[in-house]
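Asks: First the structure, which I've put down as structure tokens, then a few questions once you've had a look.
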Amino acid sequence: MSQEQQTLHFAFGPVQDFVSQARRTRDLWAGSYLLSWLAGQAIHALEKKGGEVIMPEVKQDALLQQIRNPQPINFDNPASYLGSLPNRFTASVPAEVDGRVCTEAIHVHWKKVTDAVFALIEKNLDPLSDQIWQRQTQPKNFWECTWVLGEASYLLNQRKNFRVHFPSEEPGEKCTVCGEREEISAQPNRKTSKVWWQKLSSIKKIHGLDLGENERLCAVCLSKRLFPHIAQQAIDWQVPEFYPSTLYMSAVDWIIHVLNLAKDKGDVRQAAEQFLNTVKDRVIQCAEKQTWDKIAGIKELVESDRKLKGLEKFQYVDGAVFYQDALLRKDLKISNRSEVIKGLQKLQNAVQKYPPSKHTSATASPFYALLLMDGDNMGSLISNCSEDERHQISIALTAFTQEVPAIVRQHNGMLLYAGGDDVFALLPVSTALECARLCRRAYQCSFKENAPFVLEAQATLSAAVQYVQMTTALGVVVRDAHILLDTIAKDSTGRDALACRVWKRGGPILTWAQPWSKIDDGTLIETVLEGFTDETVGFSSKFFYTLPNLFDLVNAEGFPGNEQDIQDLLIAEYLANREHDWNDPSEPNKKLSQPEILKIAEERTGQLRHLCQEWKRTVTEQGKASFEPKKHSNSAALLIRFLAQKEI
């Protein structure tokens, strides 16, 4: 590096809190997108001072290109909807430039966003609300920017240990989204506060999906909530205003099932048309309409098949209309509630007449999936590399990032962030594991092609998949996803691992994790799932009820048996199933022979036992992975049953 140049390491936050403090998917998206946009502004400010980011590789990033040259764009351009720039980067800068350039850029552009939101609601604010707004949106009070000059990448981590940023104490009634900052109405009681917020929600640009009946927000959370409405003023281009809700993401598989039936079943088509015709309220009718990229499986069906002409509204309606419980909610502003409920019931009855698809039943599942992925030991990997090697790693990460949007789209997902070694997306339950598996494969392939000097055991990607009941508090689930990824997939399982957790309304009910290589890179789950759903020789409910006691036995200290003994116990329980008729699948009137039955039992229970065996992965100094067996757990079996039945 030239003597006139120096290396700058820069990071800013809060990151996890800013993103996870969300009640709606739009909050989640806005937090992720704004962080990425602010990072882009910091990078652009450095570039104008003669600096150049060297890690990660961002030269061709769509969002950064749009920041460099703002212009009208449509929602086909990923710059309008996808956060892709990380909050941490390394740059080569002239001797007279340091991190204050980035800090100032973040402060200036954050104020531009909050000022635009303030202009929208200013007429409804009184002096005290104004004071709260100015205090909470003051950039120096909110953003913590950390930087250091020097070659070694670990210097930034050392600098971050010296905390100099401490948020001020917040008085008064707290925001219903973050629970930390004071809500901005500053009213003396809940009754007057409710009136204040109702008045605010009557502003022309604010509609029924912006503020719930009992929501009271702080300045930061309200800025995220209303950001899509003022994006043109704040960032110089438009962003989509509507995003698929958790209810809609839960219903995706069922919608696709209905559309496939409607192509050939006249009664289903008629019921679907009648149902959609009942959905008349403007907001409910077009809640998903301006989504940047419709759910691929639904879009392709209604736009490519002439038989489905007239059913396009399935892309647009609010996800609440697919669930009777949601339709009964008082805060759902719908004028003909009973008519919509009757239409939904008729559609469900029509669908029920036909065999369900692999992932659906007569009604929509109340669960969706949240996927979080992160590269393993990236900091230590980079710190031990030369400048040229770091550049190759950066190229590998960029190539991976460019593949992720297509993978998530192919699995009917909604991508919230893809940058560097991070992925954050919402998906239907049926596709989340396969999406994670293909993202991991893309990560490995990108390193093999662009940074082949990195050992296979080092170029690894861990994943956390949360299966969530659709009404569970979104912020809680997002925060827990980071714990699931960092604590379970990485620390407890040893990285290069998949961790899954299932949430019901009351909270998480099961957690399971395995190294990817111990579950055939994820395909073993699908194999066992197929065995569970086999009506002829599948697993029975009784079989799963016996597993906890069986595993308590084999995990007990002093258990005299070996792996074969455990396998034999599972086989015995499997064969004790009286629900099996043991008919030959190829010839229904012919019974399977005893050797054939035993072979099936050995295969099915062997695969399940493999999933139930917990492992701890470690990497040797030579870069080789080794695995230490731990206890057996029935969490894998419960996960399989959940994936098959969408319930526990």
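The values are calculated or read from the model by the stated rules, or taken from the named source; none is laboratory data. Predicted model only: the values in this text are computed from it and were never measured. Backbone-built Cβ (ideal geometry, glycine too); neighbour counts: all protein chains shown. Protein only, heavy atoms only, side chains kept; ligands, DNA and RNA dropped before computing areas. Shrake-Rupley method; radii C 1.70, N 1.55, O 1.52, S 1.80 Å.
Asks: Would you mind telling me the share, in percent, of accessible area of the chain contributed by carbon and sulfur at probe 1.4 angstrom?
Replies: 48
Asks: Still on this model: Starting at 0 and stepping by 10 Å, how many percent of the alpha carbon pairs of region 219-338 end up in each bin?
Replies: Bins of 10 Å from zero give 12, 39, 32, 13, 3, 0 percent of pairs.
Asks: Another question, then. Could you work out the local net charge near Leu381, counting Lys and Arg as +1, Asp and Glu as -1, over the other residues with Cβ closer than 11 Å to its Cβ?
Replies: -2
Asks: Further question on the same structure: Take the alpha carbon gyration tensor of region 31-120, find the square roots of its eigenvalues, order them as a ≥ b ≥ c, and report rounded if a/c is under 1.5; if not, report prolate when a/b exceeds b/c, else oblate.
Replies: Working: a/c = 2.02, a/b = 1.29, b/c = 1.57.
Oblate.
Asks: Additional query: How much accessible area does Cys178 have with a 1.4 Å probe, in Å² rounded to the nearest 10?
Replies: 20
Asks: Please tell me the relative contact order of the chain in percent, rounded to the nearest whole number, where contacts are Cα pairs under 8 Å and at least six residues apart.
Replies: 12
Asks: So, counting K/R as plus one and D/E as minus one, what does the shell of residues with Cβ under 13 Å around Gly266 add up to?
Replies: Numbers: positive: Lys263, Lys265, Arg269, Lys307, Lys353; negative: Asp264, Asp267, Glu273.
Combined, the nearby Lys, Arg, Asp and Glu give +2.
Asks: When the helix-only estimate is applied to the chain (DSSP H runs of n ≥ 4, each -39,500 (n - 2.57), divided by the residue count), what is the mean residue ellipticity at 222 nm, nearest 500 deg cm²/dmol?
Replies: Estimated from H runs of four or more residues: -14500 deg cm²/dmol.
Asks: Still on this structure, please answer the following. Can you give me the Rg/Rh ratio for region 436-543, using Cα atoms for both radii and the Kirkwood formula for Rh?
Replies: Computed over Cα atoms, the ratio is 1.05.
Asks: List the residue ranges in the chain for DSSP H helices whose C-alpha atoms run 24 angstrom or more along the long axis and whose Kyte-Doolittle average is -0.5 or above.
Replies: The answer, listed by residue number, is 25-48, 100-121, 246-264, 387-410.
Asks: Another question about this same structure. What percent does the relative contact order of region 1-87 come to when contacts are Cα pairs within less than 8 Å and at least six residues apart?
Replies: Worked out over region 1-87, it gives 32 percent.
Asks: Mind checking the per residue accessible area of region 366-467 for me, 1.4 Å probe, whole number of Å²?
Replies: 33
Asks: Could you size up the charge dipole of the chain around its Cα centre, putting +1 on the beta carbon of Lys and Arg and -1 on that of Asp and Glu, and report it in debye to the nearest 20?
Replies: With only Lys, Arg, Asp and Glu charged at Cβ, the dipole is about 2360 debye.
Asks: If you don't mind, another one. Just to be sure I follow the definition: excluding the sites themselves, where is the longest run in the chain that has none of the GluC sites (Glu not before Pro) in a DSSP loop with at most 10 other Cβ atoms within 10 Å?
Replies: Of all site-free stretches, the longest is 170-534.
Asks: Cross-link partners among lysines for Lys346, C-alpha distance below 21 Å, same-chain residues fewer than 8 apart left out?
Replies: The reachable lysines, counting only those whose Cα sits under 21 Å from Lys346, are Lys263, Lys265, Lys280, Lys307, Lys309, Lys313.
Asks: Under a point-charge model restricted to the Cβ atoms of Lys and Arg (+1) and Asp and Glu (-1), what is the dipole moment magnitude of region 603-648 relative to its Cα centre, in debye to the nearest 20?
Replies: Here region 603-648 has a charge dipole of around 60 debye.
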